[in-house]
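The values are calculated or read from the model by the stated rules, or taken from the named source; none is laboratory data. Values in this document were obtained by computation on a predicted structure and should not be read as measured data. All Cβ positions, glycine included, derive from the backbone under ideal geometry; neighbour counts span all protein chains shown. These area figures cover heavy atoms from the full protein model, side chains too; ligands, DNA and RNA do not enter into them. Shrake-Rupley method; radii C 1.70, N 1.55, O 1.52, S 1.80 Å.
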Amino acid sequence: MAFRHGRLRKELTMDAAEYTSSLRVDLEIVNAALVINAVHLKQLYRLGYLDKSSLVAALTALRELMRNPPPMTDFSLEDVHIVIEEELRRRVPLAADMLSLGKSRNDTVSAAIRIRVRERGCELIKDLLDLIVDVVEVSEREASTIFPVYTHMQPAMPATYGFVLSSYASRLIGAIRSLLRSISDLNRSPLGAAAIAGSSLPLDRRWVAEELGFEGLVTNALEATSSRDFLIDVLGSLLRIGVIFSDVGEDLVVLSSAEFGLIEMDESLSSTSSIMPNKKNPVVAEVMRTKVAEVVAELVRVASIISRRFGGYNLDLQQSTESTWRAFNSIESTVPMIRALIRTTKVNREKSLYACRPPIGMVELANKLVSDHKVPFRTAHVICGEISRALERGELEDSELESLMKRHGLAIKLTRDEIHEILDPVRVVESYRTEGSSNPSTVRDMARMTLREVEELRRAVEEKLEAFMSIYERAFSI
Ligand code: ARG
């Protein structure tokens, strides 16, 4: 690295070079850095700092580097930005010498991270939309499969398996919208901020931004070069997805346990014990359950690194970037696994129907006492609480019911058979009539609605991704 020797007389030690280099992580942003350099050189040509033939040769060289990425093994070159400069120097020295005119690694790397995050973000959203389609498909198929839902981990109400899946789909849509917002927010150009305080060159920041598919600028040069705050939003959105994955993993592990036994995971996604021959272990769901830990660790790492920053750029910031890619990896690699789990997991219909037997759904008897007999809800609640208690013990005679009503001053005749009829889980779920309930027909409505949302989001994200990728076609020709 020849430019070092103006200011410094000694080489960086090999250890220090390896210790401080970002080359291993920079693989992720090579293309983004190349395209930024191409646009920057075009700007220098427009401003008269570079002749046309050097520009043309340099653009060709940079495009070639896109196809054949340069080796990133010489740590003395510090990072991808210097690697590119050195590669260009071998081909078009005049252009290489001008690369840092009006452009610092500080504004470049911030721009490159933003470019790569928006690409990976959009790719991830496309994958998640495919996952949602799977979830909705099974949700529709199982729209009327009676299944209990829990609060406080105690059975609460009869619902359907399709309804539970539909809740996953709707959460995923929320997380996707969050990720899209994060991408929109970060999609602003820091370029032209130079190292920290701007430049005396007549750089056209807005032109550069447009060429690179950014919508506007990170205006303040200090913020543009040194803030990584946008990563908090991205990681926050990834964390939302991680939380969903972990929750689904937990649901699957618990519901498939022998004690619940309401679902069964496919053998192709289970393993056994090396000592206990009886075991069928839900290993994929277990690993999936750790995703929130992985992403939260990266989020904490990034927030810790980017805080306590004094002034502008410090090399600490470099260390935050790999966390972002690791969080993406963690979420991306889970998508095919959760798709496989959702598609292949079977419901144990008898057991889940049995799990919905009275007193589950007792609130519906209380509702009936209110609607049909004008009993105040609190009274109905107490009566139904007593009935629940008796049912849990197993015995409930018609005579007991009669005296119960009498005690509450009610002339209502209610038999044990009637209670079982009213609380029949199929009847109960079909009686739900609020929007978003687990009534099978509502679950089917929600499935249709979700698929419409998926298509709307798919169009939006594909349009974005196309715009983001089109910069690579434009940048290397003049
Ligand atoms: N490798 C650095 C990073 O990833 C690029 C910026 C370095 N700037 C500097 N002045 N050394 O953040």
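Restricting attention to the stretch 434-478, the residues that are more than 30 Å from Ala209 (Cβ to Cβ) and either in contact with a Ser or Thr (Cβ under 8 Å, 6 or more places away or on another chain) or of a type in the set (S, T, N, Q) (or both) total 13. When each of Asp15, Asp26, Asp79, Asp51 is tested for being free of Cβ contacts under 8 Å to residues at least 40 places away in the same chain and not small (Gly, Ala, Ser), the lone residue that passes is Asp15. I'm checking my understanding of the structure. Among residues of the stretch 82-107 that are outside any helix (DSSP H, G or I) and more than 12 Å from the ligand (Cβ to nearest atom), which one is farthest from Asn37 (Cα to Cα)? This residue is Val92.
Quick check on the stretch 110-156: of everything there that is hydroxyl-bearing (Ser, Thr, Tyr) and in a helix (DSSP H, G or I), which residue is nearest to Ala224 (Cα to Cα)? The qualifying residue nearest to Ala224 (Cα to Cα) is Ser110. Scanning the stretch 238-260 for any residue that is under 23 Å from Ile176 (Cβ atoms), assigned to a helix (DSSP H, G or I), open to solvent by 20 Å² or more (accessible area, probe 1.4 Å) and in contact with a Leu (Cβ under 7 Å, 6 or more places away or on another chain) turns up at least one such residue. Of Arg205, Arg188, all but one fail to be open to solvent by 50 Å² or more (accessible area, probe 1.4 Å), more than 15 Å from the ligand (Cβ to nearest atom) and under 19 Å from Ser104 (Cβ atoms); the exception is Arg188. For the stretch 268-289, residues that are open to solvent by 60 Å² or more (accessible area, probe 1.4 Å) and either in a loop (DSSP other than H, G, I, E, B) or over 27 Å from Asp247 (Cα atoms) (or both) total 8.
Going by what's in this entry, would Ser320 be described as touching a residue at least 12 places away in the same chain (Cβ under 8 Å) and within 16 Å of the ligand (Cβ to nearest atom)? Against the criterion (touching a residue at least 12 places away in the same chain (Cβ under 8 Å) and within 16 Å of the ligand (Cβ to nearest atom)), Ser320 qualifies. Exactly one residue out of Ser333, Ser388, Ser352 is surrounded by fewer than 15 Cβ atoms within 10 Å (Cβ to Cβ) and either at negative phi or touching a residue at least 60 places away in the same chain (Cβ under 8 Å) (or both): that is Ser333. Evaluating Arg181 against the criteria (1) crowded, with 18+ Cβ neighbours inside 10 Å; (2) in contact with an Asp or Glu (Cβ under 9 Å, 6 or more places away or on another chain); (3) in a helix (DSSP H, G or I) leaves one unmet condition, (1). Taken together, the criteria place Val296 among residues that are open to solvent by 40 Å² or more (accessible area, probe 1.4 Å) and either more than 16 Å from the ligand (Cβ to nearest atom) or of a type in the set (A, V, I, L, M) (or both). For the stretch 54-76, taking the residues that are touching a residue at least 60 places away in the same chain (Cβ under 8 Å) and within 16 Å of the ligand (Cβ to nearest atom), the one that is surrounded by the fewest Cβ atoms within 10 Å (Cβ to Cβ) is identified as Ser76. If you go through the stretch 299-310 and keep only what is open to solvent by less than 40 Å² (accessible area, probe 1.4 Å) and within 15 Å of the ligand (Cβ to nearest atom), you end up with Val302, Ile305, Ile306.
Condition test on Leu315, is it in contact (Cβ under 8 Å) with a residue 60 or more places away in the chain, within 16 Å of the ligand (Cβ to nearest atom) and at negative phi? Taking the combined requirement at face value, the residue satisfies it.
Can you find a residue in the stretch 423-439 that is modelled with pLDDT under 95, of a type in the set (Ser, Thr, Tyr) and on the phi < 0 side of the Ramachandran plot? Checked against the condition, which is being modelled with pLDDT under 95, of a type in the set (Ser, Thr, Tyr) and on the phi < 0 side of the Ramachandran plot, the stretch 423-439 yields no hits at all.
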